[in-house]
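Q: I have a structure I would like to understand better, so I am pasting it below and will then ask my questions one at a time.
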Ligand code: DON
């Protein structure tokens with residue numbers, strides 16, 4: 001990708017703008033070809049006109065040169081009217097009248113398929129006239145209004161007929177009239193062809209700009225939705241058909257070399273427009289009236305060839321995205337929840353943590369990406385019991401990938417392996433498919449969590465099983481709490497004497513944010529949640545505390561206030577050790593405070 005010299009462009013210009021400007025400068029002196037004259041009005045075009053535009057899928061449009069000069073759309077109109085015919089009549093009915101094969105002939109060739117009489121594709125004049133004849137409407141004017149409205153959906157602005165070009169084309173369009181009556185003869189057009197011919201001349205004479213072409217292309221690149229207005233111009237199902245014929249037939253008898261050299265769907269017009277579509281990426285419009293012998297803009301073809309080569313845009317180039325759909329794979333030993341656990345639980349999880357893994361996925365989960373995920377999942381150890389699929393960074397799950405995912409879950413359930421999802425609520429297609437799988441009885445239930453930490457905690461609880469249940473129900477004797485480990489008999493007796501027992505009811509607060517931090521707490525039964533107010537003022541769970549852990553230890557090192565609340569999830573018991581009492585006891589027991597701090601530090605580091 002050659003970038004213009006920095007001095008040539010303002011420092012604030014984006015590298016993309018600089019590149020497009022350099023491309024324009026590179027081909028502005030290319031004067032091969034000639035302006036079309038067979039439609040007399042077209043001969044009035046300024047051969048020097050030259051615009052390049054690129055429209056992104058979020059609606060940004062880069063414009064270089066003559067981006068706003070109006071010209072008639074001509075054959076670039078054909079894919080859009082073909083899409084309208086598909087919408088109006090359905091694929092089968094259209095295919096019955098119009099083929100989808102490249103011809104290798106000129107755009108105005110008077111030829112139909114030998115046996116069926118069909119025009120070979122909708123982008124040569126014969127196919128285009130047939131497509132226009134299929135546009136539904138109560139009257140000729142109604143059909144024309146629908147065609148103009150269609151182009152305004154794609155361009156995102158009001159458009160108009162160039163009356164002079166329309167009259168010029170209508171008055172000289174004898175070859176197209178011959179094609180129209182030939183179509184009538186073979187029953188492709190089943191009524192008087194004149195109205196269809198008139199509509200065709202009008203659709204070709206709609207005034208557009210280079211910018212419009214880029215936005216129309218971007219609408220197709222976005223699956224049929226205009227990236228600026230967000231209005232749908234074509235159903236997603238029919239976009240594939242339109243882009244397919246643009247890929248194989250859009251450049252007529254240059255189509256093969258176009259696919260070889262450029263490699264993305266495009267359509268040219270004899271006014272000098274070329275519209276190119278990069279599906280899922282962006283749309284390009286190029287305008288320059290000088291045409292080559294095949295009726296394609298010389299500068300337009302040169303610019304698109306350079307874009308393809310220098311920006312690596314050939315659609316048959318392997319998409320790298322599929323190789324990086326698995327962002328990370330971590331087992332519970334490497335990535336546990338925020339839950340503070342006792343030493344015993346930590347030891348147990350260190351032993352079995354490999355039985356639960358998290359797959360962080362990203363990007364578009366297409367069939368290709370999903371195939372890679374499935375292969376990795378199926379290669380996991382047999383003793384793997386829990387899999388968390390984190391979809392927070394997934395853009396979209398394609399239908400084939402959703403189907404594969406459902407099959408994986410059903411098969412895993414039969415092996416005793418459970419799956420859980422994070423971020424499923426944003427993947428409607430996958431959520432629907434999984435819901436249907438549960439409704440059919442193939443899956444007993446669907447575990448899904450709003451946050452990864454909650455999913456990790458679920459895996460830990462499942463792995464700990466009875467041990468955790470016991471910790472919730474049984475009360476740990478205070479003397480056995482890990483925070484008191486290593487105290488001598490006198491120190492332990494002293495701490496047990498100054499400890500204050502707190503029995504908590506479900507949802508009872510034991511610590512409030514902002515309260516003075518003057519006690520440290522040892523949890524001996526049940527489970528507590530650490531909560532803090534988010535930017536929206538809502539309480540968010542930061543962590544969960546299990547029996548055997550401690551909290552509020554900051555009270556021993558600073559005379560501050562609480563930075564969070566702590567609330568009982570269910571019935572719980574903890575012991576409070578007031579700082580003042582510990583400091584008094586330490587006067588005669590100098591080792592006491594350091595022993596407590598060492599144990600608190602060991603617990604917070606999770607060091608077993
Ligand atoms: O029908 C014609 O001849 C013109 N209205 C359109 C031909 C055209 O744009 C060919 N494309 N390069």
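Q: So for the chain, considering every pair of alpha-carbon atoms, how many percent are separated by more than 32 Å?
A: Summing the P(r) of the chain above 32 Å gives 61 percent of all pairs.
Q: By average Cβ neighbour count within 10 Å, what is the ranking of 516-523, 408-415 from highest down? The partial results should precede the final answer.
A: Numbers: 516-523: 21.2, 408-415: 15.4.
Those peptides, ordered most packed to least, come out 516-523, 408-415.
Q: Kirkwood Rh, segment 79-125, all Cα pairs: how many Å?
A: 11.0
Q: If you don't mind, another one. Which order do peptides 95-105, 500-510, 354-364, 242-252 fall in by mean Cβ count within 10 Å, highest first? List each step's numbers first, then the result.
A: Working: 95-105: 18.5, 500-510: 13.5, 354-364: 20.2, 242-252: 23.4.
Put in order of decreasing packing, that is 242-252, 354-364, 95-105, 500-510.
Q: Rounded to the nearest angstrom and ordered from largest down, what semi-axes does the equivalent ellipsoid of segment 299-383 get from its C-alpha gyration tensor (root of 5λ)?
A: After diagonalising the Cα gyration tensor, the semi-axes are 45, 14, 7 Å.
Q: Note the per residue figure in Å³ for the convex hull of the C-alpha positions in segment 178-285.
A: 134
Q: Same structure again: In segment 457-608, how does Rg compare with the Kirkwood Rh, expressed as the Rg/Rh ratio over alpha carbon atoms?
A: With Rh from the inverse mean 1/r over Cα pairs, Rg/Rh is 0.97.
Q: Using the Cα gyration tensor of segment 228-269, with a ≥ b ≥ c the square roots of its eigenvalues, what is the shape: rounded (a/c below 1.5), prolate (a/b larger than b/c) or oblate (neither)?
A: Working: a/c = 2.75, a/b = 2.24, b/c = 1.23.
Because a/c hits 1.5 or more and a/b exceeds b/c, segment 228-269 counts as prolate.
Q: Determine how many Å³ per residue the convex hull of the Cα atoms of segment 352-425 encloses.
A: Working: hull volume 5.9 nm³, N = 74.
Expressed per residue, the convex hull around the Cα atoms of segment 352-425 is 80 Å³.
Q: If you don't mind, another one. Kindly state, to the nearest 0.05, the FRET efficiency for residue 407 paired with residue 140, given R0 = 41 Å and r defined as their beta-carbon distance.
A: Working from the Cβ atoms, E equals 0.20.
Q: If R₀ is 22 angstrom, what is the calculated FRET efficiency for the pair residue 92 and residue 429, using the beta carbon separation as r and rounding to 0.05?
A: According to the calculation, E is roughly 0.25.
Q: Okay, next question. Any chance you could run the full-extension gain for residue 450 through residue 374? It's 0.36 nm times the residue separation minus the Cα-Cα distance, nm to one decimal.
A: Values: separation 76, 0.36 × 76 = 27.36 nm, distance 2.32 nm.
My answer for the length gained is 25.0 nm.
Q: Same structure again: Between residue 480 and residue 367, take the C-beta separation as r, use R0 = 51 Å, and let me know the FRET efficiency to the nearest 0.05.
A: Numbers: r = 55 Å, r/R0 = 1.08.
After rounding to 0.05, the efficiency reads 0.40.
Q: Have a look at the DSSP beta bridges in the chain and tell me what percent are antiparallel, nearest 5. Write down the numbers at each step before the final one.
A: On the way: 59 of 77 bridges.
Bridges in the chain that DSSP calls antiparallel: roughly 75 percent.
Q: Follow-up. Percentage of Cα-Cα pair distances in segment 408-464 greater than 19 Å, rounded to whole percent?
A: That tail contains 31 percent of the Cα-Cα pairs.
Q: Note the full-extension length gain between residue 111 and residue 584 as 0.36 nm times their separation in residues minus their Cα-Cα distance, in nm to one decimal.
A: 159.8 nm
Q: Something else: Rounded if a/c is under 1.5, else prolate if a/b beats b/c, else oblate: with a ≥ b ≥ c from the C-alpha gyration tensor eigenvalues square-rooted, which is segment 161-240? Could you put the intermediate results ahead of the total?
A: On the way: a/c = 3.50, a/b = 1.62, b/c = 2.16.
Verdict is oblate for segment 161-240.
Q: Using the reciprocal of the averaged 1/r over all distinct C-alpha pairs, how large is the Kirkwood radius of segment 367-513 in Å?
A: By the Kirkwood definition, the hydrodynamic radius is 19.0 Å.
Q: With all distinct Cα pairs included, what does the Kirkwood hydrodynamic radius of segment 26-112 come out to in Å, to one decimal, could you say?
A: After inverting the mean inverse Cα-Cα distance, the result is 16.8 Å.
Q: Let me ask another. Please report the orientation-averaged projected area of segment 78-226, defined via the convex hull of its C-alpha atoms, in nm².
A: Quarter of the Cα hull surface area: 8.8 nm².
Q: How many times 2.2 N^0.38 Å is the alpha carbon radius of gyration of segment 540-608? Could the numbers behind the result be given before it?
A: On the way: Rg = 13.6 Å, N = 69, 2.2 N^0.38 = 11.0 Å.
My calculation over the Cα atoms of segment 540-608 gives 1.23.
Q: Follow-up question, since we're still on this one. If a/c stays under 1.5 just call it rounded; otherwise compare a/b with b/c (prolate if a/b is bigger, oblate if not). Do that for segment 242-300, with a ≥ b ≥ c from the square roots of the Cα gyration tensor eigenvalues. Mind showing how you got there, number by number?
A: Values: a/c = 1.96, a/b = 1.30, b/c = 1.51.
It is oblate, given that a/c is not under 1.5 and a/b is not larger than b/c.
Q: Now, a different point. Output needed: percent of Cα pairs per 10 Å distance bin for segment 397-436, bins running from 0 to the one holding the longest distance.
A: That works out to 30, 57, 13, in percent per bin.
Q: Here's something else I'd like to know. Scattering from the C-alpha atoms of segment 495-550 alone, worked out with Debye: what is log10 I(q)/I(0) at q = 0.15, 0.27 1/Å?
A: Debye intensities relative to I(0), on a log10 scale: -0.52, -1.36.
Where a number appears in this text, it was derived from the coordinates with a stated rule and is not lab data. The structure displayed is predicted, hence computed values, not measured ones. In this analysis, Cβ positions are derived from the backbone assuming ideal geometry, glycine residues included, and neighbour counts consider all displayed protein chains.
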